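Structure, as structure tokens:
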Amino acid sequence: MYAKINGTRIYFDVEGMGSVPDGPVMRQKPVCFVLHGGPGGDHTLYKPYLTPLSAFMQLVYIDNRGSGSSDEGPQSTYTLENNVEDVEALRQYLGLEKIVILGQSYGGITALSYAVKYPEKLDGLIVITTSPSFRFLERAKQNLAEKGTDEQKSMAQKLWDGSFASNEEFYQYLEMTAPLYSYAHNSQPTEEEIQKGKDAVARSKFCYQAANEGFQGFLRGYDIIDELHKITAPTLIIAGRHDWITPVEDSQEIAEKIPDNQLVIFEKSSHMVMDDEYDLFISTVTGFVQAKLT
């Protein structure tokens with residue numbers, strides 16, 4: 001489905017009923033916007049990982065402008081500010097008074113930025129392996145210097161410089177650095193696992209221009225640490241103990257500033273906690289939703 005908002009078309013998909021029978025009434029479930037990582041990723045990564053959550057929330061998967069099935073545009077329009085305003089415009093387009101947001105990695109950056117600008121529009125916030133400021137860049141570079149191979153460091157330089165020349169180069173970066181992103185990464189996958197990874201890439205439509213715009217531009221000045229106190233909605237913060245790109249310290253900084261929060265550190269996870277400790281991830285988010293949002 002598409003929403004024509006803010007001068008572009010944003011793709012979104014909905015999973016789960018919005019209202020369910022509850023005795024003599026129809027109970028409205030929270031509506032949760034799912035924001036993907038990147039910049040430059042798309043929503044397909046989260047399907048079907050998040051499907052169990054649709055029993056408790058109606059999930060609205062969103063592709064950022066330029067990414068996935070959303071319309072492309074000039075690279076200069078692929079900004080954090082526009083991503084935030086697109087979320088707000090979609091909320092209005094769908095006629096929703098308040099929403100929950102779940103954002104992972106760059107999606108968490110977008111979610112936090114939305115939350116400090118529109119705190120009155122949020123019922124709840126779930127941020128996963130993310131950061132409140134540009135300082136994560138230097139921490140990540142230091143971690144890579146300590147843990148990465150020469151090939152990984154070389155490919156990551158394209159990320160730091162925002163100099164990918166094509167989606168193929170972006171995919172090469174993701175393939176080369178995959179062992180860093182997942183604590184449970186299998187260095188000797190079966191043919192079935194290899195094919196599964198290829199299928200996931202084939203389903204996705206990444207946007208290297210959005211990655212470039214972020215890493216050569218706005219992420220270098222991103223900093224909302226001093227604004228996090230504005231977030232009043234119940235907030236779940238999930239960190240991976242072995243996360244190299246948005247280290248645990250970033251999540252701890254977020255937890256220090258948001259008044260009503262729960263910080264959970266996954267001890268056997270890197271950046272992709274949904275891969276590393278999936279059952280714990282689902283139970284943690286479900287427990288938060290049931291305790292705070294329903």
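The values are calculated or read from the model by the stated rules, or taken from the named source; none is laboratory data. No experiment lies behind these values; they were computed from the predicted model shown. Virtual Cβ from ideal backbone geometry, glycine too; neighbours counted across all protein chains shown.
Structure data summary
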| quantity | calculated |
| --- | --- |
| Any hit, the stretch 242-262, residues being in a strand (DSSP E or B) and either among the charged types (D, E, K, R) or buried (at least 16 other Cβ atoms within 10 Å of the Cβ) (or both) | yes |
| Residue that is touching a strand residue (DSSP E or B) at 6+ places or on another chain (Cβ under 9 Å) and without any contact (Cβ under 8 Å) to a residue 12 or more places away in the chain, where the choices are Pro74, Pro21, Pro30 | Pro21 |
| Unique residue being part of a helix (DSSP H, G or I), under 15 Å from the mean Cα position of the chain (by Cα) and of a type in the set (Val, Ile, Thr) when the list is Val84, Val116, Val127 | Val84 |
| Selection status of Glu227, farther than 27 Å from Tyr78 by Cα and buried (at least 16 other Cβ atoms within 10 Å of the Cβ) | no |
| Odd one out for Met176 among (1) of a type in the set (A, V, I, L, M); (2) without any contact (Cβ under 8 Å) to a residue 60 or more places away in the chain; (3) within 24 Å of Leu50 (Cα to Cα) | (3) |
| Those residues of the stretch 42-70 which are crowded, with 21+ Cβ neighbours inside 10 Å, in contact with a helix residue (DSSP H, G or I) (Cβ under 7 Å, 6 or more places away or on another chain) and under 25 Å from Ser166 (Cβ atoms), in sequence order | Ile62, Asp63, Asn64, Arg65, Gly66, Ser67, Gly68 |
| Residue in the stretch 1-41 that is farthest from Thr79 (Cα to Cα), counting only those that are surrounded by fewer than 18 Cβ atoms within 10 Å (Cβ to Cβ) and of a type in the set (Ser, Thr, Tyr) | Ser19 |
| Test: residue in the stretch 125-139 that is buried (at least 20 other Cβ atoms within 10 Å of the Cβ) and at positive phi | yes |
| Pairs, first of a type in the set (Phe, Trp, Tyr) in the stretch 1-16, second buried (at least 18 other Cβ atoms within 10 Å of the Cβ) and in a strand (DSSP E or B), C-beta under 7 Å, six or more apart | Tyr2/Ile10; Tyr2/Tyr11; Phe12/Ala3; Phe12/Val60; Phe12/Tyr61; Phe12/Ile62 |
| Cβ pairs under 8 Å, 6+ apart, first in the stretch 48-65 and on the phi > 0 side of the Ramachandran plot and touching a residue at least 60 places away in the same chain (Cβ under 8 Å), second buried (at least 16 other Cβ atoms within 10 Å of the Cβ) and outside any helix (DSSP H, G or I) | none |
| Residue in the stretch 166-183 that is out of contact with any helix residue (DSSP H, G or I) (no Cβ under 7 Å at 6 or more places or on another chain) and more than 28 Å from Tyr11 (Cα to Cα) present | yes |
| Test: residue in the stretch 38-61 that is over 23 Å from Tyr181 (Cβ atoms) and polar (S, T, N, Q) | yes |
| Residue match in the stretch 212-229 (condition: under 16 Å from Gln104 (Cα atoms) and either out of contact with any strand residue (DSSP E or B) (no Cβ under 6 Å at 6 or more places or on another chain) or among the small types (Gly, Ala, Ser) (or both)) | yes |
| Residue count for the stretch 1-28, restricted to those that are within 16 Å of Ala55 (Cα to Cα), touching a helix residue (DSSP H, G or I) at 6+ places or on another chain (Cβ under 6 Å) and not in a strand (DSSP E or B) | 1 |
| Matching residues in the stretch 263-285 - criterion: being farther than 19 Å from Pro48 by Cα, without any contact (Cβ under 8 Å) to a residue 40 or more places away in the chain and outside any strand (DSSP E or B) | Glu267 |
| Lone qualifier among Tyr222, Tyr183, Tyr171, Tyr208 - being buried (at least 19 other Cβ atoms within 10 Å of the Cβ), modelled with pLDDT under 95 and within 21 Å of the chain's Cα centre (by Cα) | Tyr183 |
| Filter pass, Leu96 being more than 16 Å from Glu253 (Cα to Cα), crowded, with 20+ Cβ neighbours inside 10 Å and not basic (Lys, Arg) | no |
| Residue in the stretch 45-52 that is of a type in the set (Ser, Thr, Tyr) and in a loop (DSSP other than H, G, I, E, B) present | yes |
